[in-house]
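A.B. asks: Got a structure for you, written out below as structure tokens; questions coming shortly.
The values are calculated or read from the model by the stated rules, or taken from the named source; none is laboratory data. Bear in mind that the values here come from a model prediction, so they are computed numbers and not experimental data. Note that we place each Cβ from the backbone using ideal geometry, even for glycine, and neighbour counts take in every protein chain shown.
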Amino acid sequence: MKKLVRIPMFMVIVFSAFVLFADPARAYAVDGPCFKYTYPKGHSDTVAYRFDQKFDLDRDGRSFSCGPEVRPYEVRKALEAFRNGVLYNNESSLKTVIKYPLVVHVSQSLDLNAKTQDLTIHDPTEWLSFQKKYFSKLHVAMVACAYLGNVSAMTGRSPGVMIGDGTFWFKAFVGDPTVRLITVNLGPLDTKSLADSCTP
């Protein structure tokens, strides 16, 4: 008969904590939503709050409110405004959704040592010139397909919401729930990367 090995309780607790926090997607899915970070007291009876209760998780099960501490309702608004601005050259939408001045990083290669061109965009007119010069049809398609179900809620040193593999970064700032585009990392894009970013 095999002898049973007793495991000290503190080891069980440490291991459980490691499993939980080693996988951010699991942790946020378990702990979310975290509306104490995104809503002040007394603001729970709103259309936006009820929307956020239903759509707090991204496609990988990570919480928008727990990770980057943004409201899903505001993320949806930002994605719609960005899509409208890019697809239809709508300067009003671009003025609303982009935080100016916007620094964009453009690379012609996916190589880690590839040179990156840094540009600063100050207004919607400059954005449209940038878009016309540097966006491929695949970049436009990536923006066109972006919605709450296929973007990623990121935490860590650079919390935010990203389209694609970090191509477009959005976030909200303390004291203002509005989500805006804050960074662009534009590089070559192929159909596989596009399919991955558009898949829920």
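A.B. asks: Filter region 51-74 down to the residues that are farther than 14 Å from Tyr37 by Cβ and touching a Leu at 6+ places or on another chain (Cβ under 7 Å) and list them by number.
C.D. replies: Listed by number, the list holds a single entry, Phe55.
A.B. asks: Would you mind stating whether Asp111 is acidic (Asp, Glu), surrounded by fewer than 19 Cβ atoms within 10 Å (Cβ to Cβ) and more than 30 Å from Arg50 (Cα to Cα)?
C.D. replies: yes
A.B. asks: While we're looking at this one, here's another question. Scan region 82-94 for residues that are within 15 Å of the chain's Cα centre (by Cα) and surrounded by 21 or more Cβ atoms within 10 Å (Cβ to Cβ) and report the count.
C.D. replies: Within region 82-94, residues that are within 15 Å of the chain's Cα centre (by Cα) and surrounded by 21 or more Cβ atoms within 10 Å (Cβ to Cβ) number 1.
A.B. asks: Follow-up. Of the residues in region 159-199, how many are more than 30 Å from Pro40 (Cα to Cα) and not polar (S, T, N, Q)?
C.D. replies: 13
A.B. asks: Now for a separate question. Could you tell me whether region 175-192 includes any residue that is surrounded by fewer than 14 Cβ atoms within 10 Å (Cβ to Cβ), of a type outside the set (Ser, Thr, Tyr) and in contact with a strand residue (DSSP E or B) (Cβ under 7 Å, 6 or more places away or on another chain)?
C.D. replies: Checking region 175-192: not a single residue is surrounded by fewer than 14 Cβ atoms within 10 Å (Cβ to Cβ), of a type outside the set (Ser, Thr, Tyr) and in contact with a strand residue (DSSP E or B) (Cβ under 7 Å, 6 or more places away or on another chain).
A.B. asks: Additional query: Mind telling me which of the residues Val106, Val140, Val151 ends up being under 21 Å from the mean Cα position of the chain (by Cα) and more than 22 Å from Arg76 (Cα to Cα)?
C.D. replies: None of the other options fit; the residue is Val106.
A.B. asks: Now a separate question. Just a yes or no: is a residue in region 2-22 under 15 Å from the mean Cα position of the chain (by Cα), surrounded by 12 or more Cβ atoms within 10 Å (Cβ to Cβ) and either under 27 Å from Asn150 (Cβ atoms) or at pLDDT 95 or above (or both)?
C.D. replies: Within region 2-22, none of the residues are under 15 Å from the mean Cα position of the chain (by Cα), surrounded by 12 or more Cβ atoms within 10 Å (Cβ to Cβ) and either under 27 Å from Asn150 (Cβ atoms) or at pLDDT 95 or above (or both).
A.B. asks: Which of the residues spanning region 112-142 are hydroxyl-bearing (Ser, Thr, Tyr) and under 13 Å from Leu94 (Cβ atoms)? Can you show your working first?
C.D. replies: Keep residues of region 112-142 that are hydroxyl-bearing (Ser, Thr, Tyr), which gives 116, 120, 125, 129, 134, 136.
If the condition is that a residue be hydroxyl-bearing (Ser, Thr, Tyr) and under 13 Å from Leu94 (Cβ atoms), then Thr125, Ser129 are the ones that fit.
A.B. asks: Within region 111-141, track down each residue that is hydrophobic (A, V, I, L, M, F, W, C), over 17 Å from Ile182 (Cβ atoms) and modelled with pLDDT of 95 or more.
C.D. replies: Leu128, Phe135, Leu138, Val140, Ala141
A.B. asks: May I pose another question? List every residue pair whose Cβ atoms lie under 8 Å apart, where the two residues are 6 or more positions apart in sequence or sit on different chains, the first residue falls within region 122-147 and is without any contact (Cβ under 8 Å) to a residue 40 or more places away in the chain and surrounded by fewer than 17 Cβ atoms within 10 Å (Cβ to Cβ), and the second residue, located anywhere, is aromatic (Phe, Trp, Tyr) and not in a helix (DSSP H, G or I).
C.D. replies: His122/Tyr100; Asp123/Tyr100
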